[in-house]
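Heads up: the structure comes next, in C-alpha cells.
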Amino acid sequence: MAETIFDKIINREIPADVVYEDDISLAFKDINPQAPVHLLIIPKQQIATINDIQDDQKELLGHLFTVARDLAKEMGFDETGYRVVMNCGEQAGQSVFHIHLHLLAGKPLGWPPYTDKMKQA
Ligand code: AMP
C-alpha cells in the first residue's frame, strides 16, 4: 500500500502538532485549518479510504470516534457543537489516502457542502 504523508507523521519523519496519541491512533492539528479548531484523527494502521475498511476494523473505526468525542469534550465543544467528517474519494475532496476524521469546531460552521449556487453551475 502506498505510503502517505500521514505515515511520515506517525513515524515522526516529518513534524506535526500532535494533540493525542495511543497505540492505534494519532490526532494532530490540520496544517491548513478550515475552522478555529481543525484536528485530524487517524488510525496508525494504513487504510486508504472508507471503501477499504474491513469488517474486523469496526472497533478501530469506533475508536476514532471516541477519540474525537473525548478531544471535543476536553476542548469544551461537547455542548456548543462540533463537526466530524471523513471524506471518501476525489469528488468528496479526499486528498490524503489514509483515512482520517476531521474534527472542526470553534465557530458556527456552514452547511450544506453542496450549495444552490453549485447546483446551478
Ligand atoms: P482530505 O482532503 O479530507 O483528504 O484531508 C486531508 C487534510 O490533511 C487536509 O485538510 C490537509 O490540510 C491536511 N494535511 C495535509 N498534509 C498535512 C500535514 N503535513 N500536517 C497536517 N495536516 C496535513
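The values are calculated or read from the model by the stated rules, or taken from the named source; none is laboratory data. Values in this document were obtained by computation on a predicted structure and should not be read as measured data. Just so you know, the surface numbers come from the protein's heavy atoms only, side chains and all, with ligands and any DNA or RNA stripped out. Shrake-Rupley method; radii C 1.70, N 1.55, O 1.52, S 1.80 Å.
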Check: Within the accessible area of the stretch 5-118, what % is carbon and sulfur when the probe is 1.4 Å and the other protein chains stay in place?
Finding: 52 percent
Check: Stokes-Einstein at 10 °C, 1.306 mPa s, Kirkwood radius from Cα pairs: D for the chain in µm² s⁻¹?
Finding: 104 µm²/s
Item checked: Cα centroid of the stretch 7-24 to Cα centroid of the stretch 86-121, whole Å -> 23 Å
Notebook entry, point to check: Could you work out the helix-only [θ] at 222 nm for the chain, with each DSSP H run of four or more residues adding -39,500 (n - 2.57) and the total divided by the number of residues, to the nearest 500 deg cm²/dmol?
Noted result: -6500 deg cm²/dmol
Item checked: For the stretch 1-104, accessible area per residue (1.4 Å probe, heavy atoms of protein chains only), Å² -> 59 Å²
Notebook entry, point to check: List the aspartates and glutamates whose alpha-carbon lies under 19 Å from that of Lys29, not counting same-chain residues fewer than 8 positions away?
Noted result: Asp7, Glu13, Asp17, Glu21, Asp70, Glu74, Asp78
